[in-house]
1. Can you give the FRET efficiency for His148 and Arg500, using 1/(1 + (r/R0)^6), R0 = 56 Å, r = Cβ-Cβ distance, to the nearest 0.05?
2. Is there a quick way to get the dipole size of the chain? I mean about its Cα centre, with the Cβ of Lys and Arg at +1 and of Asp and Glu at -1; what is the value in debye to the nearest 20?
3. Would you grab the residues whose amide H sits under 5 Å from the one on Lys427? Only those 5+ places off in sequence or on another chain, please, with H modelled 1.01 Å from N.
4. Quick one: with all protein chains in place, what share of the accessible area of the chain is carbon or sulfur, to the nearest percent (1.4 Å probe)?
5. Once phi is turned into θ = phi - 60°, what whole-Hz ³J(HN,Hα) does the Karplus curve with 6.51, -1.76 and 1.60 give for every residue of the stretch 415-429, x standing for Gly and Pro?
6. Under a Cβ-only charge scheme (Lys and Arg +1, Asp and Glu -1), can you give me the dipole magnitude of the stretch 11-146 about the Cα centre, in debye to the nearest 20?
7. Could you give me the ³J(HN,Hα) list for the stretch 42-49, computed from phi with Karplus coefficients 6.51, -1.76, 1.60 and θ = phi - 60°, whole Hz, x at Gly and Pro?
8. Using the beta-carbon distance between Thr428 and Arg212 and R0 = 60 Å, what value does 1/(1 + (r/R0)^6) give for FRET efficiency, to the nearest 0.05?
Amino acid sequence: MTPRLHRVARPALFGVVAFLVSFAFSWVPSPWGDEAATVLSADRPWLSLARMLPTVDAVHGVYYALMHVWIDAFGQSMIALRLPSAVAVGFAAAGVVVLGDRLGSRRIGTIAGAVFLVLPRVTFMGGEARSYALSAAAAVWLVVLIVHLLRRPGLRPRVWFAYSLALATSIGIFLYLGLLLPALAVAVVVPWLWRGRQRGRSAVVEPARWIRFTLLGILLAGPVIGFAIGQRNQISFLGDEQAVTLHTLVVTQWFGSSPVAVFGWSAIAVALVVGVVESRRHARAHDAAPSLLALSTATVFVPMLILTVVNALVAPIYTTRYLSFATPFVALLMALGISTITRQFAVHTVVVVGLAVLVLPVYVAQRQPFAQDGGSDWAEVARAVGERVRPGDAIVFDDDVGNSRKPRAVKYLYRSDFAGLVDVALKTPYAQTSGMRDVTRSIEASAAALRATDGRVWFVDYRGLSGDRPNQLAELERLGYRVTLTVGLHRDTLYRLDRRA
């Protein structure tokens, strides 16, 4: 095998393994509200999507456009919907290995690739139909591109313009990728200024050009940024939640369980301590390990610090999923720490295997039927409906809960199970609106549509942790219906009501 082919084969191998780990059993968990948002956005005509994005979810616009093409080609089964995220994890893993090789060593790249593919945040986002896995892949390959540009002075402007386009596209995939820029400024520009003063401008390569083309990329992403700022109230619900706690920052954000978090932060602490000591002992501009340490540290901690401060002092903008793009750099930091223990491959293997053992219970929990969003059971709802209804029956969905838990979305995720049913409360289908979801009317306003059916109504109620009787059920009873069947599911309840004689 030639050296060039070997350089490609190793990252590709890690990419394939990471894809398989994330894809395995990803179709088992029931979908949840955010994944329904993906379907309701991507599975609509192009003009409808263009009308929607200026009003809601512009931060995911590029992802929805990509998923539109994907759904047209492969449909919207759970396997089809979640497959792109597993593929993105594969590309991200390959990027982690490439970056570890270039800034560290093959040993560090190998350890980082192995750590990345088993991290709980990675296996979670790799099994979910959302943009977070794609954002991680975009982040690590964007940094690989930046490293390549900075190490090769004198490249033509069109190569740098390609970087501007890549940056704008990355921000379009997920707005929070813009948080990489202050992190890279800390890791690239500050050392550039220091070394330039100490050793002259010839001691560094083209960070000034990086600044100029970064500004161009931000300008190209301007429409997405503008729409996102205008839609900031979309995540105002985070203010009602205790989004930032010590547990979310230390455990939930990347590691999924306390044992994994102890392992991860211990490896990171070793990397930071040893890296600082080594950088002082060998203060050379070309020393690779300190540059990898600075880059990884900045891309992990600077975005987290910015989000935490803004969330506390300005507006609620933080939830654990939003920093998924930093996961490749968490893996690189952990790899730096693990690699300092010894140079023996066998010891590294034992340590990584130990991490995999710690991760295994989290991984298994992620692949359970009710693993998403605290127990989403929409697959179970669809089966229960499909087994019991007959064409011409009416159906009503609980509309008294938050958007992410409204069971109405299940009829678009499992269309065949709801075929032939009459959605009596539907006023305007989602694809005909500039918003994301259906426009509905009350039970009272649906009375005429109910009378036009054959007298049997199915009601899907989000029960959650509450045992309260739903208001819409009482409204149906006031219109002359009585409950004749109750099917208790994991988180929802299916009622059958018949019209009284």
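1. That gives a FRET efficiency of 0.15.
2. Numbers: 49 positive and 31 negative charges, 414 e Å.
The dipole of the chain has a size of about 2000 debye.
3. Val439, Thr440, Arg441
4. Roughly 64 percent, rounded to a whole number.
5. For the stretch 415-429, the Karplus-derived couplings read 4, 5, 6, 10, 5, x, 7, 9, 7, 5, 8, 6, 9, 9, x Hz, x marking Gly and Pro.
6. Once rounded to the nearest 20, the dipole reads 360 debye.
7. 7, 8, 9, x, 4, 5, 5, 5
8. Taking R0 as 60 Å, the efficiency between Thr428 and Arg212 is 0.80.
The values are calculated or read from the model by the stated rules, or taken from the named source; none is laboratory data. Since we're looking at a predicted model, the values are computed, not measured. For neighbour counting, all protein chains shown are included, and Cβ atoms are generated from backbone atoms with ideal geometry for every residue, glycine included. What goes into the accessible areas is simple: the full protein's heavy atoms, side chains included, and nothing from ligands, DNA or RNA. Shrake-Rupley method; radii C 1.70, N 1.55, O 1.52, S 1.80 Å.
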